[in-house]
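Structure, as structure tokens:
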Amino acid sequence: MRPSALPETPQKAVEKVKVRSRPWAASLILVGGVILLLLGMAVAIAIGAKDIALPDVWNALFHFNPELTEHQIIRELRMPRVIGAAIVGAAFAVAGAIMQGMTRNPLADTGLLGLNAGASFALALCFAFSPGLSFLGLMLYSFVGAGAGVGIVYGIGSRSKGGLTPIRLVLAGAAVSALFTALSEGVALYFKIGQDLAFWYAGGVAGTQWLQIQIILPVVAAALLGAIALSRSITLLSLGDDIATGLGQRTGLVRLLGVLIVLVLAGTAVSVVGSVGFVGLIIPHLTRKLVGVDYRWIIPCSAVLGSLLIVFADLAARMINPPQETPIGALVALIGVPFFLYLAVKERRSL
């Protein structure tokens, strides 16, 4: 009779991570991706309902003349829009990467924690009961809704016998998301505000203002730094609770901190751009294929690639049917839905 295979030791698991990591590829993505992002942002600023030459973009950035209409368009409309797209792209992508690492679920996305659904419900309530609320107020309320969603999910999962396991987290997130979605649709139908919510549900950065950038930039930057600081622990957690515990990790604390970072990143992004899905699903998978399974590389690379995706999606949204704009959420879904179905079939076959 053949002896049973010995369980993998924590040290061997860590060595596998080192072998499967590709720092050279990650460095190339970070350097090349940032350069491509800057070029893409410049092109996105230049192209729109009124095309502006790149030299005029340069002059508007470094030699601003308030008397020129082109400079006003660049400074007041297109710059906050493009910067906002880069910020929310990075936030969605890193939030998805953290979720997939913590839950060891390749289908995990920011919607898993009820963030999008909670923000949608809060926005529906704002349109119903405070139709004159400022955009900043809408943003703050949607952030509170996202926080409520993740709080309920985390509370349900952690109160279950045995604690907050990945499976319980997925099930609690699915249940809470379904509840908030149903409530949002009920409010929209009863108060006849479905049309007011339509574009926000589809997603877009057209209305982004400098005030929003000033609020979300430091918040997202702090959360990204927190994610990088937590990246080693997420790598160990992605190998399994037993291995992480064997290497001295406090898995409960790591998950709690990870959930809080996901809340800040995804909640802030949803409050600005709306319900844009699949960014946190596509980008982490692509990043792992390129740089390996070490989250110390996955998280910063996901931030760069996520920014690239949303910036170019916003550019495409303006070019498909000018002067009308196609919602970003619809464009990203054209890629995300087939990718999700591919992953679902792949996971089913591996069972």
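The values are calculated or read from the model by the stated rules, or taken from the named source; none is laboratory data. It should be emphasised that the depicted structure is a prediction, and the values quoted were computed from it without experimental measurement. Backbone-built Cβ (ideal geometry, glycine too); neighbour counts: all protein chains shown. Remember, those area values only see protein heavy atoms, side chains included, never the ligands or the DNA or RNA. Shrake-Rupley method; radii C 1.70, N 1.55, O 1.52, S 1.80 Å.
A few comments on the model shown:
- Candidates 68, 115, 54 - the one that is hydrophobic (A, V, I, L, M, F, W, C), out of contact with any Ser or Thr (no Cβ under 7 Å at 6 or more places or on another chain) and buried (at least 18 other Cβ atoms within 10 Å of the Cβ): 115
- Just one residue in the set 261, 243 is assigned to a helix (DSSP H, G or I), touching a residue at least 24 places away in the same chain (Cβ under 8 Å) and closer than 28 Å to residue 117 by Cβ; that residue is 261.
- Any hit, the stretch 97-111, residues being open to solvent by 10 Å² or more (accessible area, probe 1.4 Å), within 30 Å of residue 37 (Cβ to Cβ) and in contact with a Phe, Trp or Tyr (Cβ under 8 Å, 6 or more places away or on another chain): yes
- The stretch 229-248: number of residues that are over 11 Å from residue 296 (Cα atoms), of a type in the set (Gly, Ala, Ser) and either buried (at least 21 other Cβ atoms within 10 Å of the Cβ) or under 25 Å from the mean Cα position of the chain (by Cα) (or both): 3
- One residue stands out among those in the stretch 187-206 that are assigned to a loop (DSSP other than H, G, I, E, B) and modelled with pLDDT of 80 or more: the one that is farthest from residue 76 (Cα to Cα), which is 192.
- Taking the listed residues 225, 217, 253, the one that is open to solvent by 70 Å² or more (accessible area, probe 1.4 Å), in a helix (DSSP H, G or I), farther than 22 Å from residue 151 by Cβ and without any contact (Cβ under 8 Å) to a residue 60 or more places away in the chain is 225, with no other qualifying.
- Under the condition of being open to solvent by 10 Å² or more (accessible area, probe 1.4 Å) and in a helix (DSSP H, G or I), the residues counted in the stretch 314-328 number 4.
- Every pair of residues 6+ apart whose Cβ atoms lie under 8 Å, when the first sits in the stretch 22-46 and is under 16 Å from residue 299 (Cβ atoms) and open to solvent by less than 70 Å² (accessible area, probe 1.4 Å) while the second is in a helix (DSSP H, G or I) and of a type in the set (Phe, Trp, Tyr): 23/297; 26/297
- Residues in the stretch 281-297 that are touching a Ser or Thr at 6+ places or on another chain (Cβ under 8 Å) and buried (at least 24 other Cβ atoms within 10 Å of the Cβ): 6 in all.
- Hits in the stretch 258-280 (condition: modelled with pLDDT of 85 or more, surrounded by fewer than 23 Cβ atoms within 10 Å (Cβ to Cβ) and among the small types (Gly, Ala, Ser)): 258
- Against the criterion of being open to solvent by 20 Å² or more (accessible area, probe 1.4 Å), assigned to a helix (DSSP H, G or I) and either touching a strand residue (DSSP E or B) at 6+ places or on another chain (Cβ under 8 Å) or of a type outside the set (Phe, Trp, Tyr) (or both), residue 331 qualifies.
- If only residues of the stretch 265-310 that are of a type in the set (Gly, Ala, Ser) and outside any helix (DSSP H, G or I) are counted, the one that is nearest to residue 111 (Cα to Cα) is 277.
- Helices (runs of 4 or more DSSP H) enclosed by the stretch 60-151 - at least 1 residues per element that are touching a residue at least 60 places away in the same chain (Cβ under 8 Å) and not small (Gly, Ala, Ser): 79-103, 115-129
- Criterion: more than 20 Å from residue 341 (Cα to Cα) and over 15 Å from the mean Cα position of the chain (by Cα) - qualifying residue of 90, 122, 85: 122
- Scanning the stretch 35-59 for residues that are small (Gly, Ala, Ser) and in a helix (DSSP H, G or I) yields a total of 4.
- Candidate set from the stretch 1-34 (those that are polar (S, T, N, Q) and assigned to a helix (DSSP H, G or I)); member that is modelled with the lowest pLDDT: 11
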